[in-house]
Amino acid sequence: MMDENFFVYITTNPAKTTFYTGVTHDLKRRLNEHYLNRGKQQTFAGRYFCYHLIYYERYSSINMAIEREKEIKDLSREKKLALIKNSNSKMSFIQI
């Protein structure tokens with residue numbers, strides 16, 4: 001399999017009170033899906049309006065990306081905040 005780009009990402013709601021962590025090979029498409037699902041109760045990201053990107057990491061292997069996603073999901077909120085603020089100190093919404 002050829003090396004590709006895979007992304008582990010964190011989105012948040014407009015008030016920055018809830019985080020959603022995911023993995024994808026097409027970050028722009030996935031963020032658009034989150035935006036279109038905002039307010040829909042069927043998904044976590046939709047239910048909590050988590051469609052603003054605030055953090056991402058790039059990987060060449062899907063297995064590495066999935067492993068990292070699991071690590072981030074296991075972090076406490078405080079550790080997720082520290083991770084995000086390390087590269088995005090103001091927690092600004094990132095445009096892709």
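In deg cm²/dmol and to the nearest 500, what is the mean residue ellipticity at 222 nm of the chain if only DSSP H runs of at least 4 residues count, each as -39500 (n - 2.57), divided by the residue total? Could the numbers behind the result be given before it?
Values: 4 runs with 38 residues, N = 96.
Rounded to the nearest 500, it is -11500 deg cm²/dmol.
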Just grab the label-to-label distance for L36 and R68, each label 7 Å out from Cα along the Cβ direction, in nm (one decimal).
2.6
Other-chain or far-sequence residues with amide H under 5 Å of H52's (modelled H):
T12
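Restricting to lysines 8 or more places apart or on different chains, can you count the pairs in segment 37-91 with Cα atoms under 22 Å from each other?
Numbers: K40/K73; K70/K79; K70/K80; K70/K85; K73/K85; K73/K90; K79/K90; K80/K90.
Summing the qualifying lysine pairs gives 8.
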Looking at the calculated P(r) for the chain, what percent of the C-alpha pair distances fall above 19 Å?
39
Magnitude of the charge dipole, the chain, Cβ model with Lys/Arg +1 and Asp/Glu -1, debye to 20:
500
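Quick one: if the Förster radius is 22 Å, what FRET efficiency do R47 and N86 give, using the C-beta to C-beta distance and rounding to 0.05? Don't skip to the answer; put the middle values down first.
Details: r = 28 Å, r/R0 = 1.27.
Between R47 and N86 the formula returns 0.20.
Each reported figure results from applying straightforward, stated rules to the coordinates on display, with no laboratory input. The shown structure was predicted, so the numbers you read here are calculated from the model rather than taken from an experiment. Neighbour counts are summed over all protein chains in view; Cβ atoms, including those assigned to glycine, are modelled from backbone coordinates with ideal geometry.
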